[in-house]
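The values are calculated or read from the model by the stated rules, or taken from the named source; none is laboratory data. For clarity, every value in this text was computed on a predicted model and none was experimentally measured. Don't worry about glycine lacking a Cβ; one is built from the backbone with ideal geometry, like all the others, and counts go over all protein chains shown. Ligands, DNA and RNA are excluded from the accessible area calculation, which covers all protein heavy atoms including side chains. Shrake-Rupley method; radii C 1.70, N 1.55, O 1.52, S 1.80 Å.
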Amino acid sequence: GDADAAANTQLSFTTGVDYSKGDYGTAIDTSMVVVPLSARLRPGNWRVTASIPWIRIDGANVVGGSNGPIVIDPNAPRTVRKGFGDVSLGLAYDIPEQDFGLGVQFSGRVKLPTASQSKGLGTGKADFSGAVELSKTYGPVTPFVSVGYRMPGDPAGIDLQNGFVGSAGFSVATGRSVVLLSYDYRESASLLAQDSQELFGAFTTPMSKKLDFTLYGSAGLSKGAPDYGVGAMITIKAF
């Protein structure tokens with residue numbers, strides 16, 4: 001009932017630092033530093049998220065789109081730009097595994113064009129995306145597979161493509177820590193770049209009752225993905 005939902009409501013805040021580097025099929029390497037700032041509210045089986053990243057891009061004319069960088073002009077000269085990125089709002093609904101024998105999550109996200117387009121930090125247009133994820137737990141191991149679709153808004157003079165995203169992997173609970181490994185695929189939003197394929201790994205462990213620490217890394221398998229990425233995050237549970 002409502003009392004149960006209130007008792008199960010959780011609020012958390014996450015920040016950290018993310019570094020990635022790659023040429024995205026252009027002539028020069030682009031390095032990107034992202035400091036995520038996000039809040040998540042979980043009333044019962046619902047999840048509401050809001051986030052804004054601080055971004056520093058050193059390299060080609062690549063903007064930090066939702067679901068990965070977008071190549072705008074591969075021949076533009078190297079520049080360094082920094083500032084706040086786009087605000088992203090997400091809504092998800094979880095169907096617990098005990099209901100049907102399979103965990104199901106439906107999620108949707110809208111990216112609002114708050115980042116500076118003139119500084120090359122965003123496309124200046126809203127993006128929409130949706131996804132469904134299936135998972136099933138076998139003891140400490142939980143395999144999962146997800147498929148989604150994203151619709152980036154077109155900046156002036158550029159026709160960005162809608163595209164599929166997909167992920168498959170598993171998480172392993174070891175005590176109170178969790179290890180996650182996945183293969184992630186993303187159709188390129190730009191005809192100037194290849195589709196993105198990468199391997200991703202993460203380790204999350206509680207530092208206290210209110211604090212979780214996550215360390216992660218990725219390795220690019222295609223020109224559309226960064227060559228590598230590393231990052232760390234801290235999640236603070238408010239209640």
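Working from label points 7 Å from Cα in the Cα-to-Cβ sense, the L112 to R56 distance is 2.7 nm. Over the chain, accessible surface divided per residue gives 51 Å², non-protein components excluded, 1.4 Å probe.
Here the simple spin-label model places points 7 Å from the Cα toward Cβ, and for F84 and K21 these points are separated by 3.0 nm.
Each peptide in 199-208, 28-37 was scored by the mean count of other Cβ atoms within 10 Å over its residues; highest first, the order is 28-37, 199-208.
Pop out the carbon and sulfur fraction of the accessible area of the chain as a percent, whole number, probe 1.4 Å.
63
In units of the compact-protein estimate 2.2 N^0.38 Å, the chain shows a Cα radius of gyration of 1.03. Residues of the stretch 123-164 falling in the label zone of F200, defined by backbone nitrogen less than 11 Å from a point 7 Å along Cα to beta-carbon, are 146.
Scanning residues 5 or more positions from S222 or on other chains, those with amide H under 5 Å from its amide H are Q197, with H placed 1.01 Å from N in the peptide plane. Each listed q (0.13 Å⁻¹) maps to a log10 I(q)/I(0) for the stretch 131-239, found by the Debye formula over equal Cα scatterers with no solvent: -0.63. Which FRET efficiency, nearest 0.05, do L11 and S177 yield, Cβ-Cβ r, R0 22 Å? Between L11 and S177 the formula returns 0.45.
Checked against a 27 Å cut-off, the cross-linked pairs K136/K223; K21/K209; K125/K223 give Cα-Cα distances beyond that limit for K136/K223; K21/K209. Think of each Lys and Arg Cβ as +1 and each Asp and Glu Cβ as -1; about the Cα centre, that makes the dipole of the chain roughly 680 debye. Of P69, P43, P226, the residue with the greatest mean-square motion in the GNM of the chain, using alpha carbon springs below 10 Å, is P43.
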